[in-house]
1. When the accessible area of the stretch B:92-188 is split by element with a 1.4 Å probe, what percent falls to carbon and sulfur?
2. Can you tally the net charge around A:Ile32? Count Lys and Arg as +1, Asp and Glu as -1, for every other residue whose Cβ sits under 15 Å from the Cβ of A:Ile32.
3. For a bin width of 10 Å, list the pair-distance distribution of the protein assembly as shown built from all Cα-Cα distances, rounded to whole %.
4. Taking every residue in B:663-673, how many Cβ atoms of other protein chains lie within 10 Å of its Cβ, on average?
5. Tell me which of B:Val13, B:Val634, B:Leu396 sits at the most positive position along the dipole axis of the protein assembly as shown, charges placed on C-beta atoms (Lys, Arg +1; Asp, Glu -1).
6. So what is the relative contact order of chain B, in percent, for Cα pairs below 8 Å that sit 6 or more residues apart?
7. Roughly how many Å is it from the Cα centre of the stretch B:360-407 to that of the stretch B:595-622, as a whole number?
8. For a Förster distance of 30 Å, can you work out the FRET efficiency between the beta-carbons of B:Ala142 and B:Ala185, rounded to the nearest 0.05?
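The values are calculated or read from the model by the stated rules, or taken from the named source; none is laboratory data. Predicted model, so just to flag it, every value in this text is computed and none were measured. Note: ideal-geometry Cβ built from the backbone for every residue, glycine included; neighbour counts use all protein chains shown. Ligands, DNA and RNA are excluded from the accessible area calculation, which covers all protein heavy atoms including side chains. Shrake-Rupley method; radii C 1.70, N 1.55, O 1.52, S 1.80 Å.
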Amino acid sequence: MIVEFTLNGEAVRWEMPPDTKLLDALRVQGLIGTKQGCREATCGACTVLLNGRAVFSCALLLAQAQGGTVETVEGLGSVSDPHPLQRALVDASAVQCGFCIPGVLMSAKGLLDQDPNPSEGAIRRALNGNLCRCTGYVKIIEGVTLAAEEMRRRV
Amino acid sequence: MSLKVVGTSVRKVDGLALAAGGPLFVADEIPRHTLVGRALRSPHAHAEIVSIDVSAARALPGVYAALSHHDVPRVAITTAGQGAPEPSPYDTFILDKKVRYVGDPVALVAAETAEIAAAALKLIKVEYRPLPAILSIDAALAEGAPVIHDEPEAEMPIPVHYEPEKNICAFVDVASGDIEAAINAGDHVIDGTYEVHYAQHAPIEPHTCAGWLDQYGRLVLRTSTQVPFHARRITARALGLNVRQIRVIKPRVGGGFGTKQEVLLEPWVGALVLAAKRPVMIELDREEELVFSRTRHPQRVRMRTGYLADGALTGTYMEVHSNTGAYGSHGLTVMTNCGSKTLPLYRRGEVAFRGTTVYTNMPVAGAYRGYGGTQASFAQECQMDEIAQHLGVDPLALRQKLHIRQGEGSPAFAMLGEGKEGVEQIVQSCGLAECLKQGAEAIDWYGKRGKPGDGPIKRGIGMAALMQGSSIPEIDMASVTLKMNEDGSFNLMAGATDLGTGSDTVLAQIAAEVLGVSVNEMIVHSSDTDLTPFDVGAYASSTTYLSGEAARRCALKVAAQIAEVAAVELGCDAKAIHLEGGYAVGPEGRQISLARVGAISLYERNQHQIGATDSAISHSSPPPFAAHFVEVEVDTETGLVKVKKYVAAVDCGRAIHPALAEGQVEGSVANGIGYALTERFIFNEWGKVQNGNFGDYRIPSAEDMPELVTILVPTVEPTGPYGAKSVSEININGACPAIANAIYDAIGVRLRQTPFTPEVILDALDAKARG
């Protein structure tokens, strides 16, 4: 089937089998920043934003993106031009193995888009679906807090 | 010595690339037309395969290979991923004619898609003859128990006790002296048995391995491994290839914690690639990762200790029964580490250790962060509290009185090695006293302890003191290669295996410090068996200590070569030159930039490649030390234990990168809390794990984590690079005992078995109420 949606700000038109998962569609199209950690909607490594909301892309069909907007880590920034969240997580030493980080970034972006000045509790709630085995979340939460400060300064 | 780079929290060299979501992990970048590899797994805990027929699977369109034990070399290996000869038994085959736990691989397929692979697995016909299954340590040792490893090939490659006909994977019995006399010399004797349970590492990236044949017909394996060189050697043995026919590439790895020391997928992928003549990738699914990869050895640890009325210990006998599951990976060494990573912590008088590791028809244990230290610290640190309670003294004060000091040794160091005798050691750096002091202040030990409160929710404070090691002495080796470019940058090639730990950054910092440059001048590559020099890999808390020392030595060689070139340019003696700020600086302020030195060396005069390789071996395993303190709330109505605050005060020598060192502490503590409270396997009566998913095997999430305070207590370890010791393993060991001790403080119930689930708490409260 053909699915048309906005991906990281650009209109795309993908033709794939109707049972294709959003996660697989993204990775087949080369957007491998979105990771597969469980395929059971329990680890959060595959988190993307669908219409601004953090979702597990392993649990959604590509078809559910029809007419919507999808944001992935590739849309955030790059090594040469990182998003404040990407820079802040690195500067906070929150990126250990980094496998969960794209999903963490998208959950954090979904939060900061709604609430530019979140409490620590709000950050923990927003990240609760993103399992990280390396950090104990301490530096991830520091990083998101740093990024929020930086983004508020920029506005 | 004023340090410029070491001791600073520079930006992690791969941080931005990871945060940008680039193609860094195995599954992110695979050759075109890579096939999907899958394993058929045993539904039985113990069975013979009477017959197996893969022909229908092989005939399915889109299937390129289907393999049973008939189709692969029958060579016994260990998957343990250790140096050679391994201290683990050769008791595993790529595929075998017997299955020994629920999940043991029976057949392998490679197909165009995951759907075809799944369909192919369904077409494989297997006839099993079920055998009685052994589902406990005691059942394994019972008279007349079924023999799990009755294959004639099973053997131990080193001369140690191995008795598979009795389901004994390993046995050790050592003593420093007359232990009975020593224990009985005490005014009191305490005899306690403590049990710890199964758990899994749960890296968010499961084991993943892609393989293909290159244009020269060599087998290339791009794999999420902690041990690229051991993976190459073991895969070569399993497939009947020469080491030279295999190249192992380790890209970024999505967490390991020990489970990726296991060489699980590489021989399978190799066998499938050779059969299919096409690239193949196997990615474990979450249940396979949680239950069918490797786990922590569950153990029963008995400690019998004699002590005087003033608290001094006269002797300790530690007896360990360890369950290695169906295969003996790390069965010996995790068990011996129970003693060597705990007993030296206190002045104990005489010590004796007796350990038995048994095979069962249960999930396979292996290396897991903490490596015996986790299991035995639970026993040791609970028992210390019990002794303190019996004597009516403060458990913190008792530890402060008894702990090992700088300049002291322990008979346990020499008594217990890893497959051979241990190495005598004198502790040359110990910040434990300061860890105990600062940690106690941070948790408000004296203010909060012994005040459970009146309501249904009781509060408690508990603690544990810990030690580990840094590398395996007289066994481990690490190497680093550096070469200089004409812009003054350096390629640093390390066999050391960054699996998210930050070792690429730490090695770059050490080399940059020696060469007087910033980390930005270091281009780090790890690891590729074709390109990077040998390193045993990421295990045994060795990378910073040992690979870091190799980086330092290598950089010193390179610095000397730079000085030779610079000396000619500056017209001085090479010995008069030092490197600083990107320059070679000579007498009277004369200097030349490293970029100029690089350009001269490659293009202009007496051209040669400035570069070197150097190695380091360890002669000792200096222990890091830690003191952990925890505040818990125990809900006496629901049984729920909630950790409110956790303080980890840690002596890891000089932290090369303090923020990354803190991150190691924080991640370990989180994992330890999960182990103590929620992470466990739920078995059915047939030995099948029922909860192989993150919904039911609960690792801590962001909202689960308490306030976590990390205190780094600096010391300088004279044998470590810039004074460094290890940090990554020790801090997983504290949560179980510290929480158990805090639960005792809260509700007066002594728990000697992990985990501390609500049912356990309620049962214990019931038992207490009944008296």
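1. 55
2. It works out to a net charge of 0.
3. 2, 12, 21, 25, 21, 12, 5, 1, 0
4. 5
5. Looking along the dipole axis, the top candidate is B:Val13.
6. 15
7. 45
8. Calculated value: 0.25.
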